[in-house]
Amino acid sequence: MGDNGGMPIDEQLAAAVDVARAAVDEAADAGTVGDHVRAVEDGDRLVSHHFTCLKAGYEGWYWSVSVSRAPDSDRVTINDVVLLPGDEAIVAPAWTPYKERIRPGDLSPGDVLPPDEDDIRLVPSWSAGDGDEQAPDRFFAREVGLGREWVLSFEGRELAADRWQEGEQGPDAAIAQQASGVCHSCGFMVSLAGPLSERFGVCANGMANDDGKVVSFDHGCGAHSGARLSRSASAQALPPPVFDTVGVDEVEHF
């Protein structure tokens, strides 16, 4: 009599189509309830009746009326009436939390974006040196922290390094592919301090696209300190004009 997934359905509840329709007709707007589609077994003496939804804008949705009865009782009870999306229904996309939707550059003045409590990119400054062969002890880690409560973890450093290396300030950027020299040999590169100093620096060329940005050593651009114009790109001396329209002709007077 209905779609019950192989389970025995309560015959009395499955037959209560008129009772379910009366409930949905009372709850829904007039003219929005269509034909009875199926009866579904939801549990022991618990059945849902599905009706087609005719409400404008709700194509593929259906009304669901949940009915039940007590043991050894013939009385059918209406539990709830809800409007649900079917497999072909158009529904809103799944909600994405604000923190997962925000992207670099989205923050405006006054916006606050605190890190997660278990953010793997950060560790307490007193433990920053644990397991790092380059940091001999925690005292050194506290000095590196400069009084900060949190500092970058090893994972945080690697995530930042990979992001910079693969971004527009890395070697794969189009401008770097056409550059005659790399940032490591450029006089405008300012050195960093700390673990990332072996791979990155800061561009200090005010005429370069990456001025004030972290660049990888193997990045580059046309504003390299060693860049020189080729002979073909230099200003060329022009030959004398064929017709001199500027000079004054000397005229012999008789």
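Within the range 84-128, work out how many residues are assigned to a helix (DSSP H, G or I) and free of Cβ contacts under 8 Å to residues at least 24 places away in the same chain.
Taking the range 84-128 first, the residues assigned to a helix (DSSP H, G or I) are 98-101, 125-127.
Retained after the next criterion (residues that are free of Cβ contacts under 8 Å to residues at least 24 places away in the same chain): 98-101, 126-127.
Qualifying residue count, the range 84-128: 6.
What's the total number of residues in the range 29-64 that are part of a loop (DSSP other than H, G, I, E, B) and of a type in the set (Gly, Ala, Ser)? Break it down stepwise before answering.
If we filter the range 29-64 for residues that are part of a loop (DSSP other than H, G, I, E, B), which is where we start, we get 29-32, 44-45, 54-60.
The next check asks that each one be of a type in the set (Gly, Ala, Ser); those that pass are 30-31, 56-57, 60.
Residues meeting the conditions: 5.
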(1) assigned to a helix (DSSP H, G or I); (2) at pLDDT 95 or above; (3) not charged (D, E, K, R) all hold for VAL67 apart from (1)
Residue pairs meeting the criteria (Cβ under 7 Å; at least 6 apart or on separate chains; first over 17 Å from CYS53 (Cα atoms), in the range 15-26; second modelled with pLDDT under 95) | ALA16/VAL76; VAL19/VAL76
Kindly indicate whether any position in the range 177-190 is part of a helix (DSSP H, G or I), within 28 Å of the chain's Cα centre (by Cα) and either surrounded by 15 or more Cβ atoms within 10 Å (Cβ to Cβ) or of a type in the set (Asp, Glu) (or both).
-> no
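The values are calculated or read from the model by the stated rules, or taken from the named source; none is laboratory data. Values in this document were obtained by computation on a predicted structure and should not be read as measured data. Quick reminder, even Gly has a Cβ in these numbers, built from the backbone with ideal geometry, and neighbours come from all protein chains shown.
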